[in-house]
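Take a look at the structure below.
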Amino acid sequence: MTSLGAVVHPTAIVGPNVQLGRGSVIEAFVVLGTPPRGKTAEDSPLVIGPGAVVRAHSTIYGGTTIGARLQTGHGAVIREDNVLGDDVSVGTAASLEFGNRIGSGVRIHTGCFLELVTIEDQVFVGPRVVFTDDPHPQCPAYLDCVKGATVRRRARIGANATVLPGVEIGEDALVGAGSVVRRHVKPRSVVAGNPAVEVKEDIRDLACFVGIYPHAYSWLGDLPERGSGSARATRAGAPAPASESTSDRAERGGAGRRGEASRTSARRKT
């Protein structure tokens, strides 16, 4: 372990492959640097930036890179091949399986499940949100169609929502609690229900129910004018794609994840 002024509880297990940033606090019974199946500590380094707080009974595998000021709840699990930005919060009992790409300022609440998900900066993921990546579970062609969701900057996903494979949730969009999201969500729109449907065209149509603000999100000072285009606008109601091209998969880092996906698929079948 490489550590600069970190505080590590005597019951914590910190592997020799761990680089722990200055001022980090590692609480009781934490395990850091566990190599993924089929790998050794030498070829699966774990890098955690300065100022991290990893709370009791959490596990972070080798092969992951985390920025500054990580905060975990108790019993969080972060598997291999994850990349997290700065100021990320991972709640109690949340599970980040392999292949996630998480931006900075992201809050992932208690009990969430993510695999192969791309999340941009400042996204809010409410308690027990589940992201799926397998369109047809146990299909022998799993690796040909596996695809996680993409959540654009500052989107918000309410508690207990389920997001299906390949879905894109647009910038500043809002997903209501308990929704099942099976189609792309337009930027700044509001969706809710099972299946999720658009209930508001723009988050500015939501009233502030206590009357503090003119509308629920008027405190966001950089929203574009209504009707303005977006380079990443997603077609309203478009179904999520069933598969992605090799070039798309490589761009998302999928080429480097296929071995791990294969092992994960094998684990599911045993």
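The values are calculated or read from the model by the stated rules, or taken from the named source; none is laboratory data. Here the structure is a predicted model, which is why all the values come from computation and not from measurement. Don't worry about glycine lacking a Cβ; one is built from the backbone with ideal geometry, like all the others, and counts go over all protein chains shown.
Okay, residues lined up against (1) surrounded by 22 or more Cβ atoms within 10 Å (Cβ to Cβ); (2) over 16 Å from Arg183 (Cα atoms):
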residue	(1), (2)
Ala93	no, yes
Gly105	no, yes
Gly111	no, yes
Gln122	no, yes
Pro135	no, no
Cys139	no, yes
Gly148	yes, no
Leu164	no, no
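May I ask you to say which residue of Arg55, Arg101 is crowded, with 18+ Cβ neighbours inside 10 Å, basic (Lys, Arg) and within 25 Å of Pro16 (Cβ to Cβ)?
Arg55
Given Asp87, Asp134, Asp144, which one is more than 12 Å from the chain's Cα centre (by Cα) and closer than 18 Å to Ile48 by Cα?
Within the list Asp87, Asp134, Asp144, the selection yields Asp87.
Is it true that Ser189 is crowded, with 21+ Cβ neighbours inside 10 Å, in contact with an Asp or Glu (Cβ under 7 Å, 6 or more places away or on another chain) and at pLDDT 95 or above?
Considered against the rule, which asks whether it is crowded, with 21+ Cβ neighbours inside 10 Å, in contact with an Asp or Glu (Cβ under 7 Å, 6 or more places away or on another chain) and at pLDDT 95 or above, Ser189 comes out as yes.
Out of Ser243, Ser247, I need the residue that is farther than 22 Å from Ile157 by Cβ, among the polar types (S, T, N, Q), modelled with pLDDT under 90 and within 21 Å of the chain's Cα centre (by Cα). Which one?
Ser243
For Thr65, state whether it is of a type in the set (S, T, N, Q), modelled with pLDDT under 95 and either surrounded by fewer than 21 Cβ atoms within 10 Å (Cβ to Cβ) or within 29 Å of Arg153 (Cβ to Cβ) (or both).
Judged against the criteria, Thr65 is not a match.
Give the number of residues within region 93-132 that are of a type in the set (Ser, Thr, Tyr) and farther than 24 Å from Pro45 by Cα.
Result for region 93-132: 2.
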